[in-house]
Amino acid sequence: MTETFAIQTEDLWRIYPTRHNPEGGVAALSGVNLRVPLGQVVALKGRSGSGKTTLLNCLAGLDRPTSGIVRVLGRDLAQMSDDQLTVWRREQIGLIFQSFGLLPTLSAYENIELLLRIKGDDYAVRHKRALECLEMVGMSRWRDHRPYEMSGGQQQRVAIARALANHAQLIMADEPTGELDSKTAGEILAFFRSLVESEKITMLMVSHDPLVDQYVHQVFLLKDGNLETKIS
């Protein structure tokens, strides 16, 4: 059966124990049922504390849900060990962070090449792919620059290139425009949309940015751990 969704959750709960209630505690996610179609860029929005980052962490296999099903790119994450999840993220998922997450002592090229070295690719493969990804995001001229020598928008483009380096089928981004001014944010969001369409990938971004609504296929709204609304 051909998968039609990049992400599916069924009755997803994440409950964090507290000091006074180690068996119960605080429900960060309360029965979330999410469907993200393949080939779309979608936004997950909500106030601080609504459960957005918790949901993103569960979808990326960085956190284990208390109960429910998480299926990403056809894989049931509950059936995978921590080591298997690490390999799976490295080979199929691209992660982008608000603070860019670039290593400050490495150049743009080296930040991308390092990911592929960790993956185990030989030099010729990782060198070619790193250059391809820099070209894809328009950063070839800055290949030898370190993060402090680049603007916020340029750093985010390098972070995007790194996320693409492993031929990721799904990119997850946590507040990817949070450190950018509105003009640069609009440029990055437009790039995300064109990237999804040209590379036939899927993207889920957590964001507070009102600009996001103009560039995504769908907006999902979380409130108090519940998926309350979907805005097309």
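Let me spell it out: the conditions are (1) surrounded by 13 or more Cβ atoms within 10 Å (Cβ to Cβ); (2) part of a helix (DSSP H, G or I), and residue 124 meets all of them except one. Which number is the exception?
Tallying (1) surrounded by 13 or more Cβ atoms within 10 Å (Cβ to Cβ); (2) part of a helix (DSSP H, G or I), residue 124 fails exactly one: (1).
Quick one: in the stretch 98-121, which of the residues that are among the polar types (S, T, N, Q) and touching a residue at least 40 places away in the same chain (Cβ under 8 Å) is surrounded by the fewest Cβ atoms within 10 Å (Cβ to Cβ)?
For the stretch 98-121, the residue satisfying everything is 105.
Residue 96 is checked against (1) at pLDDT below 90; (2) among the aliphatic types (A, V, I, L, M); (3) assigned to a helix (DSSP H, G or I) and fails just one. What number does that condition carry?
Checking residue 96 against (1) at pLDDT below 90; (2) among the aliphatic types (A, V, I, L, M); (3) assigned to a helix (DSSP H, G or I), the one that fails is (3).
Please pick out the residue among 183, 223 that is in contact (Cβ under 8 Å) with a residue 40 or more places away in the chain, surrounded by fewer than 16 Cβ atoms within 10 Å (Cβ to Cβ) and more than 16 Å from residue 36 (Cβ to Cβ).
Numbers: 183 fails: in contact (Cβ under 8 Å) with a residue 40 or more places away in the chain.
Sole residue among the options that is in contact (Cβ under 8 Å) with a residue 40 or more places away in the chain, surrounded by fewer than 16 Cβ atoms within 10 Å (Cβ to Cβ) and more than 16 Å from residue 36 (Cβ to Cβ): 223.
So which residues in the stretch 116-151 are among the β-branched types (Val, Ile, Thr) and closer than 21 Å to residue 199 by Cβ, if there are any at all?
Listed by number, the residues that qualify are 125, 137.
When you check residue 64 against the structure, is it on the phi < 0 side of the Ramachandran plot, outside any strand (DSSP E or B), over 14 Å from the mean Cα position of the chain (by Cα) and loosely packed, with under 13 Cβ neighbours inside 10 Å, yes or no?
When the stated conditions are applied, residue 64 does not pass them.
At least 1 residues that are closer than 25 Å to residue 135 by Cβ and of a type in the set (Gly, Ala, Ser) in each: list the strands (runs of 3 or more DSSP E) lying fully within the stretch 164-224 that qualify.
Correct list: 170-174.
Select from the stretch 4-53 the residues that are of a type in the set (Lys, Arg) and not in a strand (DSSP E or B) and write down the one among them that is surrounded by the most Cβ atoms within 10 Å (Cβ to Cβ).
The extreme case among them is 52.
Which pairs do you get when a residue that is in contact (Cβ under 8 Å) with a residue 40 or more places away in the chain and surrounded by 14 or more Cβ atoms within 10 Å (Cβ to Cβ), found in the stretch 67-93, comes within reach of a residue that is of a type in the set (Val, Ile, Thr) and in a strand (DSSP E or B), reach meaning Cβ atoms under 6 angstrom, with the pair 6+ apart or on two chains?
70/9; 72/7
The values are calculated or read from the model by the stated rules, or taken from the named source; none is laboratory data. Here the structure is a predicted model, which means the values were calculated and not measured. Note: ideal-geometry Cβ built from the backbone for every residue, glycine included; neighbour counts use all protein chains shown.
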